[in-house]
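Let me begin by presenting the structure, written as structure tokens, before commenting on it.
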Amino acid sequence: MQNTKSRSLGAGSSTGLKAVPFFTQLTERELELVRSLSTEKHYPKNAVVLTEGEMGDSLFMIRSGKVKVFIGDQDGREMILKILGPGDFFGEMSMIDKQPRSASVTTLEPSVFLVLSHAAFEKAIEQVPRIATIVMRILAQRVREADKKIGTLALMDVYGRVASTLLELAVMDNGKLMVGEKLSQQDLANMVGASREMVNRILKDLSDRGFISVESKSITIINRELPPSL
Ligand code: CMP
């Protein structure tokens with residue numbers, strides 16, 4: 001275990017890296033162009049959108065809904081890399097480098113996507129070169145987040161990983177810092193590389209100590225200075 005007893009995970013430790021969604025960086029005219037070049041697709045909850053290892057050359061922009069991006073092994077275990085929501089995009093990696101999909105993507109709720117083919121993406125960039133810069137900026141943010149995750153996985157124990165992930169997912173809602181994602185404890189376990197039972201125990205401990213309050217569909221962070229270890 002790391003020597004982290006005297007430290008705490010302040011909210012600023014993880015929230016600063018939250019990416020700015022793609023859509024909000026485009027003007028209405030640019031958005032209209034992107035819309036005209038893409039096809040709208042609707043998926044129900046729990047639908048497979050992309051499968052790790054398969055070929056594909058389309059980029060998906062999330063109009064509404066939520067997806068999880070994950071990698072899995074042959075025993076069905078999965079590691080969730082990221083939860084993405086409205087304004088985010090995915091599928092850009094294979095579209096750019098023409099390699100197989102780096103991860104799988106499934107919907108966590110009914111979702112609507114705008115799908116851009118490689119050819120349509122090139123057309124969009126031709127007309128609005130700024131789109132390439134925006135995509136590059138978002139990719140850089142994702143590498144930063146991935147670096148942070150590697151650090152968390154390598155340097156923190158499970159307790160710290162759960163605390164850090166809760167802070168990463170939390171957003172202000174009516175003056176409360178809440179994790180409102182429709183995430184099961186199994187999903188949370190898959191985000192921190194631990195068993196569901198272990199995550200359940202840690203959430204209970206954080207709740208008993210007054211740091212969080214666990215309701216059926218959400219977790220409220222009462223004291224954002226979450227302890228990084230027991
Ligand atoms: P692609 O490889 O085409 O298909 C899977 C997609 O998952 C990938 O493009 C990215 O859009 C997304 N993805 C992969 N790794 C991450 C990550 N660490 N964070 C966010 N999104 C990711």
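The values are calculated or read from the model by the stated rules, or taken from the named source; none is laboratory data. The model shown is predicted, which means the values in this text are computed figures rather than measured ones. Glycine also receives a Cβ, built like all others from the backbone with ideal geometry; neighbour counts cover every protein chain displayed. Just the protein is used for accessible areas: all its heavy atoms, side chains included, with ligands, DNA and RNA removed. Shrake-Rupley method; radii C 1.70, N 1.55, O 1.52, S 1.80 Å.
Are there any strands (runs of 3 or more DSSP E) wholly within segment 122-230 with 2 or more residues that are farther than 20 Å from Val67 by Cβ and modelled with pLDDT under 90, and if so which? Give the derivation first.
On the way: elements: 171-173, 176-179, 212-214, 219-221.
Because the criterion is at least 2 residues that are farther than 20 Å from Val67 by Cβ and modelled with pLDDT under 90, the strands (runs of 3 or more DSSP E) in segment 122-230 that meet it are 171-173.
Here is a list: Ser164, Ser117. Which entry is farther than 22 Å from Thr24 by Cα and of a type in the set (Ser, Thr, Tyr)? Working first, answer last.
Working: Ser117 fails: farther than 22 Å from Thr24 by Cα.
Being farther than 22 Å from Thr24 by Cα and of a type in the set (Ser, Thr, Tyr) holds for just one of Ser164, Ser117, which is Ser164.
Answer yes or no: is there a residue in segment 41-54 that is closer than 24 Å to Thr165 by Cβ, at pLDDT 90 or above, within 13 Å of the ligand (Cβ to nearest atom) and part of a loop (DSSP other than H, G, I, E, B). Scanning segment 41-54, I find at least one residue that is closer than 24 Å to Thr165 by Cβ, at pLDDT 90 or above, within 13 Å of the ligand (Cβ to nearest atom) and part of a loop (DSSP other than H, G, I, E, B), so the answer is yes.
Just a yes or no: is a residue in segment 148-162 open to solvent by 40 Å² or more (accessible area, probe 1.4 Å), hydrophobic (A, V, I, L, M, F, W, C) and farther than 20 Å from Gly72 by Cα? Yes: one or more hits.
With respect to Met55, determine if the residue is in contact with a helix residue (DSSP H, G or I) (Cβ under 8 Å, 6 or more places away or on another chain) and open to solvent by less than 20 Å² (accessible area, probe 1.4 Å). Against the criterion (in contact with a helix residue (DSSP H, G or I) (Cβ under 8 Å, 6 or more places away or on another chain) and open to solvent by less than 20 Å² (accessible area, probe 1.4 Å)), Met55 does not qualify. Restricting attention to segment 59-87 and to residues that are open to solvent by 30 Å² or more (accessible area, probe 1.4 Å) and not in a strand (DSSP E or B), the residue that is farthest from the ligand (Cβ to nearest atom) turns out to be Asp75.
Test of understanding: among Glu92, Glu145, which residue is within 19 Å of Thr39 (Cβ to Cβ), within 11 Å of the ligand (Cβ to nearest atom) and surrounded by fewer than 20 Cβ atoms within 10 Å (Cβ to Cβ)? Residue meeting the stated conditions: Glu92. For segment 104-117, does any single residue satisfy the condition of being under 16 Å from Val48 (Cα atoms), near the ligand (Cβ under 8 Å from one of its atoms), modelled with pLDDT of 95 or more and open to solvent by 10 Å² or more (accessible area, probe 1.4 Å)? Yes: one or more hits.
Assess whether Ala124 counts as being in contact with a Leu (Cβ under 6 Å, 6 or more places away or on another chain) and more than 11 Å from the ligand (Cβ to nearest atom). Before you say what the answer is, go through the steps one by one.
Numbers: in contact with a Leu (Cβ under 6 Å, 6 or more places away or on another chain): yes; more than 11 Å from the ligand (Cβ to nearest atom): yes.
Against the criterion (in contact with a Leu (Cβ under 6 Å, 6 or more places away or on another chain) and more than 11 Å from the ligand (Cβ to nearest atom)), Ala124 qualifies.
A single entry from Ala140, Ala146, Ala120, Ala132 fulfils the requirement of being among the aliphatic types (A, V, I, L, M), within 15 Å of the chain's Cα centre (by Cα) and farther than 17 Å from Ile80 by Cβ: Ala140. Scanning segment 118-139 for residues that are open to solvent by less than 50 Å² (accessible area, probe 1.4 Å) and of a type in the set (Gly, Ala, Ser) gives Ala120, Ala124, Ala132.
Take Glu40 and tell me if it is farther than 16 Å from Thr107 by Cβ and among the charged types (D, E, K, R). No; evaluated as a whole, the condition is false for this residue.
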